[in-house]
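For reference, the structure discussed in these notes is given below.
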Amino acid sequence: MSSENLLRITQFYSIHEDPSIFILEDRTKRGLEVRERYFDTKYGAECESGIIYDGRGTGHKVAIRWFFPKSIFILDQVVGFAEEINKRYLAIREMTCPDY
C-alpha cells in the first residue's frame, strides 16, 4: 500500500484511496499471505483473505483487506465499517489486557 494515497490510519486499520476504489486494510493482518479473493456479503465488497492457524493447528479464514468501489460507496461508509473493526479489537484488548 502506498502511503501517498493514505486517507486514514489507526492502530487497527488503514484506508487507502485508488482512482476507482477505497481500500480498507485490517492492520492486525499485515504480512499475512493472501490465499483467496471473494465477495464479502457482509460489507458488499470484494475481499482478500488469508488463513491464521490456532494453537491446535486449525486454520481459520480471516479477511485482510476490502475493496470498495467509489461508484457504490462513499468514504464515510468505509470509515463506518473500519470503526466496527476498531471497536471489535478494542473490546478484545480490554478483555485480554485490561491494564493496557
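Annotations for the structure displayed:
- The listed residue being assigned to a strand (DSSP E or B) and of a type in the set (Ser, Thr, Tyr), out of SER49, SER71: SER49
- Cross-chain or 6+ apart pairs with Cβ under 7 Å, the stretch 17-41 first and more than 18 Å from ILE74 (Cβ to Cβ), then basic (Lys, Arg) and surrounded by 10 or more Cβ atoms within 10 Å (Cβ to Cβ): GLU25/ARG65; ASP26/ARG65
- Only residues that are small (Gly, Ala, Ser) and under 21 Å from ARG93 (Cα atoms) were counted across the stretch 3-35, and they come to 2.
Residues are listed down the side, and each one gets a yes or a no for (1) modelled with pLDDT under 95; (2) charged (D, E, K, R); (3) under 26 Å from PRO19 (Cβ atoms):
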{"residue": "ARG35", "(1), (2), (3)": "no, yes, no"}
{"residue": "PHE39", "(1), (2), (3)": "no, no, yes"}
{"residue": "ALA45", "(1), (2), (3)": "no, no, yes"}
{"residue": "SER49", "(1), (2), (3)": "no, no, yes"}
{"residue": "THR58", "(1), (2), (3)": "no, no, no"}
{"residue": "PRO69", "(1), (2), (3)": "no, no, yes"}
{"residue": "PHE73", "(1), (2), (3)": "no, no, yes"}
{"residue": "PHE81", "(1), (2), (3)": "no, no, yes"}
{"residue": "ALA91", "(1), (2), (3)": "yes, no, no"}
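- Entry remark, the stretch 17-48: residues being within 13 Å of the chain's Cα centre (by Cα) and within 11 Å of TRP66 (Cβ to Cβ) number 12 in total.
- If the condition is being of a type outside the set (Asp, Glu) and either free of Cβ contacts under 8 Å to residues at least 12 places away in the same chain or loosely packed, with under 13 Cβ neighbours inside 10 Å (or both), then the stretch 73-87 contributes ILE74, GLN77, GLY80, LYS87.
- Residues of the stretch 1-46 that turn out to be assigned to a loop (DSSP other than H, G, I, E, B), in contact with a Gly (Cβ under 8 Å, 6 or more places away or on another chain) and surrounded by 15 or more Cβ atoms within 10 Å (Cβ to Cβ), as a count: 1
The values are calculated or read from the model by the stated rules, or taken from the named source; none is laboratory data. All figures in this text were calculated on a predicted structure; none of them were measured in a lab. Cβ sites come from the backbone with ideal geometry, for glycine too, and all protein chains shown count toward neighbours.
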